[in-house]
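One structure is given below, encoded as structure tokens.
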Amino acid sequence: MKNLSAALRQAGHEHNVLSHPTLGIAGHRQISDLFDMRREIETLVFVCGPIVQADQLADLLTVHRNARKIAVGVSVISGHQDIAARFDAILARDGLPRPSFDLAILRSEPCAVPPTGKRLKAGLCFRGDQQDYGAGMTEWLRAERLLSQLAEAFGLETEPIDTVLRPGNEAAKIERQFETVDLILTTRLHGSLYGLSKGKPVIAIDQVRGMGKVKPILDRIGWPLAYSIEEANETSLADQMRRTLAEWPVEALTSSQTTILHLSSKARADAVALIAQAR
């Protein structure tokens, strides 16, 4: 959202960024009840996250029935087409025939190879269950167990990282956590993309059966250390960890960072153009 807002302002499109007061985000127009703004909003832009049949999202779209409704940087999930159809336009990072990309990454940092003999610290960035994909479609417990056991087997120090903004887990704290670890073990898309942007090797498991968004998006940027839940197992993960520790994947990281920045920049530009068209 912050990246898109900056791109809109740079293009001369003034707007308000809305968030709930409990988040306490400086510079936002803090609104506890969006019903109060139903006569003010001409274009409503829903940024990031999945489009799913949820009461809060349905209420938001109903309250602003007269506004043009746009979604950008989102996931369109099978089984939730009815709520997606209520948007006038969607620029999706996944779930549509012609995907765009995620909007979260604006810059990258060089890969730093840890000094020999250092005990490495792994950031554990887990999604938990994902009921949005349907009951029983996510093997999140198995995925988290595989990655936790991988860290333990290689004697890694661990740091839990939660990428969801909430009071006490602000953006600055999340950023520091990614900076202080050496590598990332994750089941999250943003755990993967943000880890790579910070120059950290990522081993990711897409915990959704048949694959959700994690592996397909990492495949698009050419990052090789991503596994579907069907192919992930202790042996393959341990083999990959040994290769990573033996030869830090600087070249693969640098290449993936370049692709991330290119796709993110294009997605922001496309989002700005779509929003400007609505105005």
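The values are calculated or read from the model by the stated rules, or taken from the named source; none is laboratory data. On a predicted model such as this, the values are computed, not experimentally measured, just so you know. Don't worry about glycine lacking a Cβ; one is built from the backbone with ideal geometry, like all the others, and counts go over all protein chains shown. Calculation scope for accessible area: heavy atoms of the full protein, side chains included, ligands and nucleic acids excluded. Shrake-Rupley method; radii C 1.70, N 1.55, O 1.52, S 1.80 Å.
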Given the residues A204, A232, which is the only one that is outside any helix (DSSP H, G or I), touching a Lys or Arg at 6+ places or on another chain (Cβ under 9 Å), among the hydrophobic types (A, V, I, L, M, F, W, C) and touching a residue at least 24 places away in the same chain (Cβ under 8 Å)? A232
Exactly one of R209, R220 is of a type outside the set (A, V, I, L, M, F, W, C), under 22 Å from M137 (Cβ atoms) and more than 15 Å from the chain's Cα centre (by Cα), and that one is R209
Looking at the range 96-123, which of its residues are in a strand (DSSP E or B) and either hydroxyl-bearing (S, T, Y) or surrounded by 18 or more Cβ atoms within 10 Å (Cβ to Cβ) (or both)? A122, G123
Note on L274: of the conditions (1) open to solvent by less than 20 Å² (accessible area, probe 1.4 Å); (2) of a type outside the set (G, A, S); (3) closer than 19 Å to R98 by Cα; (4) touching a residue at least 40 places away in the same chain (Cβ under 8 Å), unmet is (1)
Which residues, taken from the range 152-182, are closer than 11 Å to C125 by Cβ and open to solvent by less than 80 Å² (accessible area, probe 1.4 Å)? T158, E159, I161, D162, T163, V164, I174, Q177, F178, V181
Tally of residues being within 24 Å of R93 (Cβ to Cβ) and either open to solvent by 80 Å² or more (accessible area, probe 1.4 Å) or of a type in the set (S, T, N, Q) (or both) across the range 21-54: 2
Within the range 136-153, how many residues are over 14 Å from V52 (Cβ atoms) and at pLDDT below 95? 1
Tell me which residues, restricted to the range 99-139, are among the small types (G, A, S), farther than 23 Å from A6 by Cβ and under 18 Å from the mean Cα position of the chain (by Cα). G123, G128
Selected residue [modelled with pLDDT of 90 or more, in a helix (DSSP H, G or I), surrounded by fewer than 16 Cβ atoms within 10 Å (Cβ to Cβ) and over 19 Å from the mean Cα position of the chain (by Cα)] from A58, A6: A58
Which listed residue, of R209, R188, R268, is under 21 Å from G95 (Cα atoms), in contact (Cβ under 8 Å) with a residue 60 or more places away in the chain and open to solvent by 60 Å² or more (accessible area, probe 1.4 Å): R209
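Can you tell me how many residues in the range 240-256 are open to solvent by less than 20 Å² (accessible area, probe 1.4 Å), closer than 25 Å to K118 by Cα and out of contact with any strand residue (DSSP E or B) (no Cβ under 8 Å at 6 or more places or on another chain)?
Of the residues in that region, 1 qualify.
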Do any residues in the range 51-69 that are under 18 Å from R39 (Cα atoms) have Cβ atoms under 7 Å from those of residues that are at pLDDT below 90 and open to solvent by 50 Å² or more (accessible area, probe 1.4 Å), where the two are at least six apart or on different chains, and which pairs are they? L60/L34; V63/L34; V63/F35; V63/R38; H64/R38
Filter result (under 19 Å from the mean Cα position of the chain (by Cα) and assigned to a loop (DSSP other than H, G, I, E, B)) within the range 81-95: G95
Go through the residues of the range 23-39 one by one and say whether even a single one is in contact with a strand residue (DSSP E or B) (Cβ under 6 Å, 6 or more places away or on another chain) and under 30 Å from E251 (Cα atoms). no
